[in-house]
1. So, of the residues in the range 273-320 that are under 22 Å from the mean Cα position of the chain (by Cα) and without any contact (Cβ under 8 Å) to a residue 24 or more places away in the chain, which turns out to be farthest from A144 (Cα to Cα)?
2. Just give me the residues in the range 108-132 being surrounded by fewer than 20 Cβ atoms within 10 Å (Cβ to Cβ), of a type outside the set (V, I, T) and either at positive phi or touching a residue at least 12 places away in the same chain (Cβ under 8 Å) (or both), in sequence order.
3. Kindly evaluate V151 against the criterion of being within 17 Å of the chain's Cα centre (by Cα), of a type in the set (V, I, T) and at pLDDT below 90.
4. Taking the conditions exactly as written (closer than 30 Å to I345 by Cα, among the basic types (K, R), surrounded by fewer than 24 Cβ atoms within 10 Å (Cβ to Cβ) and in contact (Cβ under 8 Å) with a residue 24 or more places away in the chain), does R243 satisfy them or not?
5. Which one of the conditions (1) modelled with pLDDT under 85; (2) of a type in the set (A, V, I, L, M, F, W, C); (3) closer than 15 Å to L99 by Cα does A17 fail to meet, given that it meets all the rest?
Amino acid sequence: MRHETGAAPSPTATRRAVVTTACGAVAVAQMATTIYLPGMPALGADIGADDSTLQLSVAVFVVFAALPVVAWGRVAERFGRVPAFVAAGLCFVLASAALALITSAPELLALRVVQAVGAGGIAVVGRMMIKDLFAGADLARQLALLSMAFVVALGGGQVIGGIVTSTVGWRYGFVVLAVLAALPVVFALRISLPKPAVRASSRGTARRLFADRVFLAGAVAGGIGFAVIVMIQQKSAFIFVDRFALPPWVFGLFGVLYGAAYLGGATYVRRSVRRVGARAMMGQGTWIMLAGCVLITAVWVVELPRAIALPIFLAGYVTTTFGQSTLFPNSAAHAVSHLATGAAIAVSWCALIQQGLAGIAALAGPALTGLLAWSLVLTLLAAANVVLVVAPAPSRTKE
């Protein structure tokens, strides 16, 4: 292990190591949901948890991944990025391993809280390290690379979860997750970064950020898009199993489609953001998400045969996923790139807003028992995001 005060490697090597670690963090943090989805019905049957409790376990994860991100950001500012990342990573690994041993619903919810706290930490500190090294269009390109890591979690996690659940059982999904989460933690120990400089008091940072219309527009737009995706994930396992009568491994294989859609959007961002611009790409992403939500809603407006309803639902899910992969990295870059000072800690506030909005939506999701009402809410959220993003751009102010 090289200490943060040790000799620094080349800038290129440091950037590669940081990007690799951040990508691993994003992948395992998201995989905490996707590897878990195919096994939710079987898990509920084994520990005596009903559908509402299982959906609540998804909401709890999203909420508690959001709540401590600013605290993690301040820890990273004071003690360094690597110590903060390792502490959050160990929290995540231990909780994931413990989830493999649960026997009751309270244990599930409690450990999902601990797991979420660790997930929020590694995700936000990883993004802070990226922001330390990149800005502007280059930042959007690197955040799009994180989106590609998200692809691994979105598609690969669901495939792994489906196969594991159908073969050896849902408990082993958490074991796999703990092992995978240990990898970026170990890799982070090899990163050598300068010791954080002594910083001025950050008092008033939140007030300045919440008065910055550019920051708010980017953060809220990404948060609404994230909320739509979380609400779809929350219901998807039950839709595929209960409405379409599909086994967990088939549901898991559909993750390949979502992964391909997210990869397509992230690749589009990396190749075109310098030419198109982050704000314009945000607008494209919101319109695409709205189109996907309209398709999902159409499935429940009339009673369609399964052979027709399933492809339309999948098309809506894939389209919405592509839109989010276009929207999300650009929204985060748009929110913080213009800031002259405090941009790294602003990343944690941006994450709090985005995760918080997704958490609120996830908590409301179980109350929407009718699929038509649920899909209409998705469409209204997507439409509100279009209005937010296509509104006249506010003038940018430097901190």
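The values are calculated or read from the model by the stated rules, or taken from the named source; none is laboratory data. Because the structure is a prediction, the values reported are computed rather than measured. All Cβ positions, even for glycine, are placed from backbone atoms using ideal geometry, and neighbour counts span all protein chains on display.
1. Among those that are under 22 Å from the mean Cα position of the chain (by Cα) and without any contact (Cβ under 8 Å) to a residue 24 or more places away in the chain, it is A315.
2. L109, D132
3. Against the criterion (within 17 Å of the chain's Cα centre (by Cα), of a type in the set (V, I, T) and at pLDDT below 90), V151 qualifies.
4. no
5. (3)
To keep it simple, each residue is scored yes or no on (1) surrounded by fewer than 18 Cβ atoms within 10 Å (Cβ to Cβ); (2) assigned to a loop (DSSP other than H, G, I, E, B); (3) at pLDDT below 85.
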residue	(1), (2), (3)
T5	yes, yes, yes
P9	yes, yes, yes
A13	yes, no, yes
V28	no, no, no
D46	yes, no, no
L56	no, no, no
A88	no, no, no
